[in-house]
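J.: This structure is in structure tokens; I'll ask about it shortly.
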Amino acid sequence: MASDASLLTAKFKGDRLELAAGGSWTAANAGELESLVDGVAQDAARARNVSIDMGDVRQFDTYGAWLLERLTRQWRGTGGVASIVGMPEHDRTLLKEMSGVNREPVQAPARENGLVSALAAMGSGVAGFGRDLLTFVSMLGAIGMAGARVLTRPRDFRFTSAVNQLDRVCWQAVPIILLITLLIGAIIAQQGIFHFRKFGAEMYAIDLVGILILREVGVLIVAIMVAGRSGSSYTAELGSMMMREEVDALRTMGFDPVEVLILPRVLVLIVAMPVLTFIGSMAALYGGGLVAWFYGGMSPEIYLARLADAISITHFKVGMIKAPFMGLVIGVVACAEGLLVKGSAESLGLQTTASVVKSIFLVIVLDGLFAIFFASIGM
Amino acid sequence: MKDKPVISVKDLVVGFGDTTVLNHLSLDVRAGEILGVVGGSGMGKSVLLRTIIGLLPKRHGTIEVLGIDQDQANEEQRRALERRWGVLFQQGALFSSLTVRQNVQFPMRENLDISQRLMDEVALAKLEMVGLTPADADKFPAELSGGMTKRVALARALALDPEIVFLDEPTSGLDPISAGDFDALIKTLQGTLGLTVFMVTHDLESLYTVCDRIAALADGHIVAVGPMQTMLECTHPWVQTYFQGKRGEMLTGRVSQLVN
């Protein structure tokens, strides 16, 4: 490796500056070379006449060529004369190439006022929220239209696709849903028994488990699981189909992508959510029962008898009525986000994240609205 | 140094599962030349390229690049070697979350210790060398056309001033005019930067206009290697069909006109 001195040395002869370059003027030495060149440029401000001897340079690449060009351009800009001697023909071609580049001044991006940009971000956030709502409503409308069309021509419904989706979204989700809801049921029962015990009211823990799981927790946990598991995969599938122009291909062949791709997926979610909610709720009650037995010391007979007193078919209905609507919301959000994917992989990632976040948010909002509704009709 | 091959592949065997793609293949690439590798789809052109740059494992044989045997080299030597070559992938393989400028600066940032100012200037210089404008520098890959993507990818491949550039089908997916421009660009850059170019291609026009030598890949090994004239005289059936076919003949006519 060349040392500092041999890369570039400067010598004054009156008002004439003689520079001798040597060694490797290449990318590997570029950092060192740049500081040398900048140093020389300062020295040379007083020199009218500069000559650079490149005779000892062994290797020369774009980096070296550019730094040399930068040096000479600076002098010529201030009216000095710079001559380069001892350079091989081949390196001259490269230097000539460099003399054409970076001629346009680089415009620094205009700095924005912090307050203004904060306000602008807030505004565009609100506008984005409005746009999202509009997208979901129009997707809901498109699915409704496609559904109505399929009703008039039932043979157009993609039955095979729907069965395939049902297998993935419902059947293959059963093990994980069973596991998670069993644990949630067990945890609620344990917490209930632990805290109610202080008042000698352990029995009420069973009321807590029954009502909470059937009305709220069962369906919510399942909806969140489905949004994370199936909603994200819908978005990613549709998104990658958008990226590879498959959706456009469908459209040009005269198919409605909503009818072919989205309707079966959303319908399957509407069917799968109540099924999974039922399975999940039962698993959670079972988990609660296990904890009541081993931790609370209540035998299964007592648990079942108490449960039968505590819950009614109304609680079960409240949970089950909500399930298909949650499926619809997850499906609509996932598919709408999928269709928003642009060309890049980054966009696919962003939309998939957005899909999961928005569908979980909307599921919880919907649950709140249902709670108000059921309270007002006395269920 | 001139006589020693820059890339030397000997007795290379590469396969996946039960299939053998490259079967005892040997090939030398000389310093400062543009070598075009041709072969039918699925014949293993890209496999050869990817094996040389170390993306695919080989079963047998030796690969020597810039005098360094890939098997003997330790991790550090391999990394140093990778800095001395640039690769242009078929689809560009630009990082989609970075702008054009950041894509070109990426190898510099990782491998060199230079100031941001120099990095900006050299990146812009490279972009201008491949025919882009400073205005393109702040675009994201998703905003680029196919030809621009290839140009940016070439600028990135050239970012560290490599000695060898590997090009995987550089002109595929470009219109004839862009493809011609791109060929000319490769030729110019090869002249100015003194590059050795290893190019996998389907494009007959590229082969005629820019390649110094051509290697024809068939049945898992190189069946012919040499300038265009050798290809035209070769008796291997696949090479004959390739160069004497309808599309080949149009260009051959032009070449023989030029020769006469």
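The values are calculated or read from the model by the stated rules, or taken from the named source; none is laboratory data. This is a predicted model, so every value here is computed, not measured. Neighbour counts run over all protein chains shown; Cβ positions are idealised from the backbone, glycine included.
J.: Confirm whether B:V37 is of a type in the set (A, V, I, L, M, F, W, C) and closer than 16 Å to B:F166 by Cβ.
T.: Criteria met by B:V37.
J.: While we're on this one: Test A:I184 against the stated conditions and say whether it is more than 32 Å from the chain's Cα centre (by Cα) and in the same structural domain as A:A283 (by TED's automatic domain parsing).
T.: no
J.: Assess whether A:G147 counts as being touching a residue at least 24 places away in the same chain (Cβ under 8 Å), within 19 Å of A:A336 (Cβ to Cβ) and outside the structural domain of A:T26 (by TED's automatic domain parsing).
T.: Considered against the rule, which asks whether it is touching a residue at least 24 places away in the same chain (Cβ under 8 Å), within 19 Å of A:A336 (Cβ to Cβ) and outside the structural domain of A:T26 (by TED's automatic domain parsing), A:G147 comes out as yes.
J.: Looking only at segment A:12-44, count how many residues are assigned to a loop (DSSP other than H, G, I, E, B) and within 55 Å of the chain's Cα centre (by Cα).
T.: Summing the residues that are assigned to a loop (DSSP other than H, G, I, E, B) and within 55 Å of the chain's Cα centre (by Cα) in segment A:12-44 gives 1.
J.: Considering (1) touching a Lys or Arg at 6+ places or on another chain (Cβ under 8 Å); (2) in the same structural domain as A:L269 (by TED's automatic domain parsing), say which one A:D132 fails and leave the rest.
T.: Condition not satisfied by A:D132: (2).
J.: So, one more: It is to be established whether one or more residues within segment B:49-69 are surrounded by fewer than 18 Cβ atoms within 10 Å (Cβ to Cβ) and within 13 Å of chain A (Cβ to nearest Cβ).
T.: no
J.: Separate question: Which one of these is more than 18 Å from the chain's Cα centre (by Cα), more than 11 Å from every other protein chain (Cβ to nearest Cβ), outside any helix (DSSP H, G or I) and exposed (fewer than 14 other Cβ atoms within 10 Å of the Cβ): B:Q72, B:Q77?
T.: Going through B:Q72, B:Q77 in turn, the sole match is B:Q72.
J.: Residues A:L276, A:L214: which one is closer than 20 Å to A:I330 by Cα and either in contact (Cβ under 8 Å) with a residue 24 or more places away in the chain or surrounded by 24 or more Cβ atoms within 10 Å (Cβ to Cβ) (or both)?
T.: That would be A:L276, the only listed residue that is closer than 20 Å to A:I330 by Cα and either in contact (Cβ under 8 Å) with a residue 24 or more places away in the chain or surrounded by 24 or more Cβ atoms within 10 Å (Cβ to Cβ) (or both).
J.: Return only the number of the condition from (1) loosely packed, with under 11 Cβ neighbours inside 10 Å; (2) touching a Ser or Thr at 6+ places or on another chain (Cβ under 8 Å) that A:L133 does not satisfy.
T.: (2)
J.: What single numbered condition from (1) crowded, with 20+ Cβ neighbours inside 10 Å; (2) more than 19 Å from the chain's Cα centre (by Cα); (3) within 14 Å of chain A (Cβ to nearest Cβ); (4) not charged (D, E, K, R) fails to hold for B:V14?
T.: Checking B:V14 against (1) crowded, with 20+ Cβ neighbours inside 10 Å; (2) more than 19 Å from the chain's Cα centre (by Cα); (3) within 14 Å of chain A (Cβ to nearest Cβ); (4) not charged (D, E, K, R), the one that fails is (3).
J.: Tell me whether segment A:340-357 contains one or more residues that are touching a helix residue (DSSP H, G or I) at 6+ places or on another chain (Cβ under 6 Å), of a type in the set (A, V, I, L, M, F, W, C), in the same structural domain as A:G231 (by TED's automatic domain parsing) and more than 25 Å from A:E245 (Cα to Cα).
T.: no
J.: Could you tell me which of the residues B:A142, B:A155, B:A159 is facing another protein chain (nearest Cβ under 10 Å), assigned to a helix (DSSP H, G or I) and of a type in the set (G, A, S)?
T.: Only one candidate qualifies: B:A142.
J.: Cβ-Cβ distance below 8 Å, separation of 6 or more or different chains: which pairs start in segment A:219-246 with a residue that is among the hydroxyl-bearing types (S, T, Y) and end on one that is modelled with pLDDT of 95 or more and part of a loop (DSSP other than H, G, I, E, B)?
T.: Every condition considered, no pair remains.
J.: Taking segment B:86-97 as the search range and keeping residues that are away from every other protein chain (no Cβ under 13 Å) and hydrophobic (A, V, I, L, M, F, W, C), which one is nearest to B:E64 (Cα to Cα)?
T.: So the residue we want is B:V87.
J.: Among the residues that make up segment A:47-60, is at least one of them within 14 Å of chain B (Cβ to nearest Cβ), of a type outside the set (A, V, I, L, M), assigned to a helix (DSSP H, G or I) and in contact with a strand residue (DSSP E or B) (Cβ under 8 Å, 6 or more places away or on another chain)?
T.: Within segment A:47-60 (the criterion being within 14 Å of chain B (Cβ to nearest Cβ), of a type outside the set (A, V, I, L, M), assigned to a helix (DSSP H, G or I) and in contact with a strand residue (DSSP E or B) (Cβ under 8 Å, 6 or more places away or on another chain)), the answer is no, since none of the residues qualifies.
J.: Now for a different question. Are there helices (runs of 4 or more DSSP H) fully within segment A:217-262 with at least 1 residues that are β-branched (V, I, T) and under 27 Å from B:A142 (Cβ atoms)? List them.
T.: The qualifying helices (runs of 4 or more DSSP H) are A:232-243, A:246-252.
J.: Against the definition (polar (S, T, N, Q) and away from every other protein chain (no Cβ under 14 Å)), how does A:S83 come out, yes or no?
T.: yes
J.: Okay, moving on. Scan segment B:30-61 residue by residue and report those that are touching a helix residue (DSSP H, G or I) at 6+ places or on another chain (Cβ under 9 Å) and under 24 Å from B:G191 (Cα atoms).
T.: B:G32, B:E33, B:I34, B:G36, B:V37, B:V38, B:I53 - these are the residues of segment B:30-61 that are touching a helix residue (DSSP H, G or I) at 6+ places or on another chain (Cβ under 9 Å) and under 24 Å from B:G191 (Cα atoms).
J.: Something else now. Residues of segment B:214-260 being small (G, A, S) and modelled with pLDDT under 75, which ones?
T.: Residues satisfying the conditions are B:G245, B:G248, B:G253, B:S256.
J.: Here's something else I'd like to know. If you scan segment B:98-121, which residues turn out to be within 9 Å of chain A (Cβ to nearest Cβ) and in contact (Cβ under 8 Å) with a residue 24 or more places away in the chain?
T.: B:M108, B:N111, B:L112, listed by residue number.
J.: Now a separate question. If I ask for residues that are surrounded by 12 or more Cβ atoms within 10 Å (Cβ to Cβ) and not small (G, A, S), which ones from segment A:144-162 would you list?
T.: Listed by number, the residues that qualify are A:M145, A:R149, A:V150, A:D156, A:F157, A:R158.
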